[in-house]
Amino acid sequence: QVQLVESGGGLVQPGGSLRLSCAASGNIFRPNAMGWYRQAPGKQRELVAVANSGGITNYADSVKGRFTISRDYAKNTVSLQMNSLKPEDTAVYYCRYTATLYARDDWGQGTQVTVSL
């Protein structure tokens, strides 16, 4: 099993920035993908951004141009730089690790991001 530890959430004003980080430990298989999902109250969990071990990234349309995902493959970490934050970005953000060939799908505990005055 892979353990995922997230950090970096908090309260920020609209237009502000936050950086989320997630560190993976345990049996890390490749190829894999690591990414961020979010769940707002009363809504389904949704993809924010994901990056695979080949360097390919994918973003939700709602965050394109504002959020940037990055990975440190040597340290098994994934980060999410969030700029120009909006109140609708308020949610619990979850880190996810998947290694489809090995049937691995692990989630972090989540970190709260609140965008408000």
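Given the structure, is Arg30 basic (Lys, Arg), in contact (Cβ under 8 Å) with a residue 40 or more places away in the chain and open to solvent by less than 60 Å² (accessible area, probe 1.4 Å)?
Working: basic (Lys, Arg): yes; in contact (Cβ under 8 Å) with a residue 40 or more places away in the chain: yes; open to solvent by less than 60 Å² (accessible area, probe 1.4 Å): no.
No; evaluated as a whole, the condition is false for this residue.
Going residue by residue through the stretch 48-67, is there one that turns out to be in contact with a Pro (Cβ under 9 Å, 6 or more places away or on another chain), at negative phi and among the small types (Gly, Ala, Ser)?
Taking the stretch 48-67 first, the residues in contact with a Pro (Cβ under 9 Å, 6 or more places away or on another chain) are 52-54.
Pick out the ones that are also at negative phi and you get 52-54.
Applying the additional criterion that residues be among the small types (Gly, Ala, Ser) yields 53-54.
Within the stretch 48-67 (the criterion being in contact with a Pro (Cβ under 9 Å, 6 or more places away or on another chain), at negative phi and among the small types (Gly, Ala, Ser)), the answer is yes, since at least one residue qualifies.
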Problem set entry | Index of the failed condition, Gln13 passing every other in (1) under 20 Å from Trp107 (Cα atoms); (2) open to solvent by 70 Å² or more (accessible area, probe 1.4 Å); (3) not β-branched (Val, Ile, Thr) | (1)
Exercise. Which of the residues that make up the stretch 33-57 are among the small types (Gly, Ala, Ser) and without any contact (Cβ under 8 Å) to a residue 24 or more places away in the chain?
Worked result: Gly42, Ser53, Gly54, Gly55
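Just for the stretch 41-59: of the residues that are open to solvent by 20 Å² or more (accessible area, probe 1.4 Å), among the hydrophobic types (A, V, I, L, M, F, W, C) and under 14 Å from the mean Cα position of the chain (by Cα), which one is nearest to Leu20 (Cα to Cα)? Full working, then the answer.
Looking only at the stretch 41-59, we keep the residues that are open to solvent by 20 Å² or more (accessible area, probe 1.4 Å), and these are 41-47, 50, 52-59.
This time we only want the ones that are among the hydrophobic types (A, V, I, L, M, F, W, C), so: 47, 50, 56.
Next cut, under 14 Å from the mean Cα position of the chain (by Cα) only: 47, 50.
Details: Leu47: 15, Val50: 13 Å.
Ranking the qualifying residues of the stretch 41-59, first place goes to Val50.
Take Thr98 and decide whether it is at pLDDT 95 or above and farther than 21 Å from Ala40 by Cα.
On the way: at pLDDT 95 or above: yes; farther than 21 Å from Ala40 by Cα: yes.
Here the answer is yes, as Thr98 does meet what is asked.
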Exercise. Does any residue of the stretch 91-100 turn out to be out of contact with any helix residue (DSSP H, G or I) (no Cβ under 9 Å at 6 or more places or on another chain) and farther than 15 Å from Val48 by Cβ?
Worked result: yes
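For Ser17, state whether it is over 14 Å from the mean Cα position of the chain (by Cα), small (Gly, Ala, Ser) and on the phi < 0 side of the Ramachandran plot. Spell out the reasoning first.
On the way: over 14 Å from the mean Cα position of the chain (by Cα): yes; small (Gly, Ala, Ser): yes; on the phi < 0 side of the Ramachandran plot: yes.
Yes.
Check every one of the strands (runs of 3 or more DSSP E) wholly within the stretch 60-117 and list those with 3 or more residues that are open to solvent by 10 Å² or more (accessible area, probe 1.4 Å), polar (S, T, N, Q) and touching a residue at least 24 places away in the same chain (Cβ under 8 Å).
Working: elements: 67-72, 77-82, 91-99, 104-107, 111-115.
Output list reads 77-82, 111-115.
The values are calculated or read from the model by the stated rules, or taken from the named source; none is laboratory data. Everything numeric in this text was worked out from a predicted model, so none of it was measured. Backbone-built Cβ (ideal geometry, glycine too); neighbour counts: all protein chains shown. To get the accessible areas, we keep the full protein, side chains included, count just its heavy atoms, and leave off ligands, DNA and RNA. Shrake-Rupley method; radii C 1.70, N 1.55, O 1.52, S 1.80 Å.
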